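Working notes for the structure below.
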Amino acid sequence: MNTNPEDRVGLSPTERLDRNPLSALYSKFRVLYYRDVFRRINSRELSLTTTEVYCVEIIHSLGKPTIQEFANFIGISSPNATYKVNSLIKKGYVQKVQSDTDKREFYLDVTERFYRYYNINEKYLDIVEDRLQKELSPEEFKMFNDTIKKIYHEILEDLT
């Protein structure tokens, strides 16, 4: 496996796939996602800036973080995070939910409006999964899913 990014400069997608399949797969997913985000921004279907899209998806992925947890995760100050969150609240993609145990603490949660946007991405992943099920044997598909779970739980655990 080649981990030096300079060695991948100028490679075609096929060459990148041959040298580093994980990098090629990640790049493919990422570019298709970006294309979708820009299409929705340009069509006015999505009323968020590109940075706001990233922020709301991070909030969703973190699973109801506090503003401080969100700020720490992306490496920005609390006031900067508060500014970004307030913009997402104003646009209807995020809401603050008061803690049941500590009334001074609030958690960030995504709204139904976010899920309407997010379901478009999920539909794409459903299509990919359907294609995988058609192309792979049941054993291969199970092995694929088991490998993804292992990567998620064991290999990426310390990176979050």
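Coordinate-derived values only; no laboratory data. A quick note: this is a predicted structure, and the numbers were derived from the prediction, not measured. Counting neighbours? That spans all protein chains shown, and the Cβs are built from the backbone with ideal geometry, glycine included.
Assuming 0.692 mPa s and 37 °C, estimate D for the range 47-110 with Stokes-Einstein, Rh taken as the Kirkwood radius over Cα pairs, in µm²/s.
On the way: Rh = 11.6 Å.
Roughly 283 µm²/s, to the nearest whole number.
Please turn the phi angles of the range 124-137 into ³J(HN,Hα) values with the Karplus equation 6.51 cos²θ - 1.76 cosθ + 1.60 (θ = phi - 60°), one per residue in order, whole Hz, x for glycine and proline.
4, 5, 5, 5, 4, 5, 4, 5, 4, 5, 6, 7, 9, 5
Quote the Stokes-Einstein diffusion coefficient, in whole µm² s⁻¹, for the chain, based on the Kirkwood radius over alpha carbon pairs, a temperature of 37 °C and a viscosity of 0.692 mPa s.
Working: Rh = 18.4 Å.
It diffuses with D of about 178 µm²/s by this estimate.
Please give me, ordered by residue number, the trypsin sites (Lys or Arg not before Pro) of the range 64-160 that lie in loop per DSSP and have at most 13 other Cβ atoms within 10 Å.
On the way: sites: Lys84, Lys90, Lys91, Lys96, Lys103, Arg104, Arg113, Arg116, Lys123, Arg131, Lys134, Lys142, Lys149, Lys150; in loops: Lys91, Lys103, Arg104.
Counting only loop positions with at most 13 other Cβ atoms within 10 Å, the trypsin sites (Lys or Arg not before Pro) in the range 64-160 are Lys103, Arg104.
Within a Cβ distance under 14 Å of Gly63, other residues only, what is the Lys/Arg minus Asp/Glu net charge? Please list the in-between numbers first.
Numbers: positive: Lys64; negative: Glu57, Glu69, Asp109.
Combined, the nearby Lys, Arg, Asp and Glu give -2.
Return the loop-located chymotrypsin sites (Phe, Trp or Tyr not before Pro) in the range 83-125 (DSSP other than H, G, I, E, B) with at most 16 other Cβ atoms within 10 Å of their own Cβ; answer none if there are none. List each step's numbers first, then the result.
Working: sites: Tyr83, Tyr93, Phe106, Tyr107, Phe114, Tyr115, Tyr117, Tyr118, Tyr124; in loops: Tyr93.
Sparse-neighbourhood loop chymotrypsin sites (Phe, Trp or Tyr not before Pro): none present.
Local charge sum around Ser87 (other residues, Cβ-Cβ under 15 Å, Lys/Arg +1, Asp/Glu -1)? Mind dumping the intermediate values first?
Working: positive: Lys84, Lys90, Lys91, Lys96, Arg113; negative: Glu52, Glu57.
Once positives and negatives cancel, what remains is +3.
Counting each DSSP H run of 4 or more residues in the chain as -39500 (n - 2.57), what helix-only mean residue ellipticity at 222 nm follows after dividing by all residues, to the nearest 500 deg cm²/dmol?
On the way: 7 runs with 100 residues, N = 160.
So the calculated ellipticity at 222 nm is -20000 deg cm²/dmol.
For the range 67-160, evaluate the Debye formula with one uniform point scatterer on each Cα (no solvent term) and list log10 I(q)/I(0) at q = 0.19, 0.22 Å⁻¹, rounded to two decimals.
So the normalised log intensities are -1.02, -1.10.
Under the definition of Cα pairs under 8 Å and six or more residues apart, what whole-number percent is the relative contact order of the range 93-135? Numbers along the way, then the final one.
Details: 29 pairs, mean separation 12.9, N = 43.
Result for the range 93-135 is 30 percent.
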